Amino acid sequence: KINVYFCCQQISKTMQKDGYSLLLPTGTLDYFDVVNVHEDSTQIVIYLEEKNIVPSEYSGKDTESKGFFEPTVVQDFPIRGKQVFLNVRRRRWILKPEGKYISRNWKLVASGTSMTREFASFLKEICR
């Protein structure tokens, strides 16, 4: 019974995160994972982390993930009277041979894809 209960709790948390992902700008989940959601009576905070996928311009190079930049908080449209915030953690990598830190060039992503106006606005906010 305990294993079934624990399993159901995990499935419920996953479904909750997946449900909140429907609120995100189209294209967001191509680059970010929903890692947590906090909801209270006045707000919803969706925590996003950039996936560990090396930017294409560095794909053939020797890189290693070196964590994240400080989070950027983007306010989104309110839902059912609650403020919605996206807490976004952008990833950084190191080019090992050069010891140089790199990150995804969001302007390049924006110019190389057809995206919704909503996702373009989202990218503009996280690049501040």
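The values are calculated or read from the model by the stated rules, or taken from the named source; none is laboratory data. This one's a predicted model, so the numbers in the text were calculated from it and none came from an experiment. Don't worry about glycine lacking a Cβ; one is built from the backbone with ideal geometry, like all the others, and counts go over all protein chains shown. Just so you know, the surface numbers come from the protein's heavy atoms only, side chains and all, with ligands and any DNA or RNA stripped out. Shrake-Rupley method; radii C 1.70, N 1.55, O 1.52, S 1.80 Å.
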Candidates S41, S59, S65, filtered to the one that is modelled with pLDDT under 90 and surrounded by fewer than 15 Cβ atoms within 10 Å (Cβ to Cβ): S59
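If you take the residues of the stretch 74-109 that are part of a strand (DSSP E or B) and free of Cβ contacts under 8 Å to residues at least 24 places away in the same chain, which of them is farthest from V37 (Cα to Cα)? Don't jump to the end; show me each part of the working.
Taking the stretch 74-109 first, the residues part of a strand (DSSP E or B) are 74-79, 82-89, 91-95, 100-102.
Filter once more, keeping what is free of Cβ contacts under 8 Å to residues at least 24 places away in the same chain: 75, 77-78, 100.
Values: Q75: 14, F77: 16, P78: 15, K100: 33 Å.
Among those that are part of a strand (DSSP E or B) and free of Cβ contacts under 8 Å to residues at least 24 places away in the same chain, it is K100.
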Of (1) on the phi > 0 side of the Ramachandran plot; (2) open to solvent by 50 Å² or more (accessible area, probe 1.4 Å), E98 satisfies all except one. Which? (1)
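Restricting to the stretch 21-30, and then to whatever is in a helix (DSSP H, G or I) and surrounded by fewer than 18 Cβ atoms within 10 Å (Cβ to Cβ), can you tell me which residue is modelled with the lowest pLDDT? Walk me through it before giving the result.
The first filter runs over the stretch 21-30 and keeps only residues in a helix (DSSP H, G or I), leaving 21, 28-30.
Cutting the leftovers down to surrounded by fewer than 18 Cβ atoms within 10 Å (Cβ to Cβ) gives us 21, 29-30.
Values: S21: 74, L29: 87, D30: 87.
The selected residue is S21.
Name the residues in the stretch 44-56 that are part of a strand (DSSP E or B) and open to solvent by less than 60 Å² (accessible area, probe 1.4 Å), would you? Before you say what the answer is, go through the steps one by one.
Step one: filter the stretch 44-56 for residues part of a strand (DSSP E or B), giving 44-50.
I44, V45, I46, L48, E49, E50 - these are the residues of the stretch 44-56 that are part of a strand (DSSP E or B) and open to solvent by less than 60 Å² (accessible area, probe 1.4 Å).
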